[in-house]
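Reviewing the structure listed below.
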Amino acid sequence: MVTSDDIGKRVQDDAGRVGILCDVIEGHQDPTVRPDGRPVQAVAFLRPVGGGCEWLVPPGAVCLA
């Protein structure tokens, strides 16, 4: 599991994707979900090492690479 102390480090998610940890937000609510159905959850934001689109993963599904 990663924490905000690991921001900027190279990490790997449970799917095997490697990226850079950009942020960990404990009380994240997905803005693409209707307000009455938004769960509050912990989320890790990762981006590919060479650049590209970020992806979201639960912090427990990420470890240092």
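Filter the range 28-65 down to the residues that are under 12 Å from the mean Cα position of the chain (by Cα) and of a type in the set (Lys, Arg) and list them by number. Correct list: Arg47 only. Can you list the strands (runs of 3 or more DSSP E) lying wholly within the chain that have 3 or more residues being of a type outside the set (Phe, Trp, Tyr) and at pLDDT 95 or above? Correct list: 10-13, 18-28, 41-48, 62-64.
Yes/no matrix, rows are residues, columns are (1) open to solvent by 50 Å² or more (accessible area, probe 1.4 Å); (2) small (Gly, Ala, Ser):
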residue	(1), (2)
Asp6	no, no
Arg17	yes, no
Leu21	no, no
Phe45	no, no
Gly50	yes, yes
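Yes or no: Arg34 of a type in the set (D, E, K, R) and surrounded by 14 or more Cβ atoms within 10 Å (Cβ to Cβ)? For Arg34, the condition - of a type in the set (D, E, K, R) and surrounded by 14 or more Cβ atoms within 10 Å (Cβ to Cβ) - is not met.
The values are calculated or read from the model by the stated rules, or taken from the named source; none is laboratory data. The model shown is predicted, which means the values in this text are computed figures rather than measured ones. Positions of Cβ are backbone-derived with ideal geometry, glycine not excepted, and every protein chain shown enters the neighbour counts. Just so you know, the surface numbers come from the protein's heavy atoms only, side chains and all, with ligands and any DNA or RNA stripped out. Shrake-Rupley method; radii C 1.70, N 1.55, O 1.52, S 1.80 Å.
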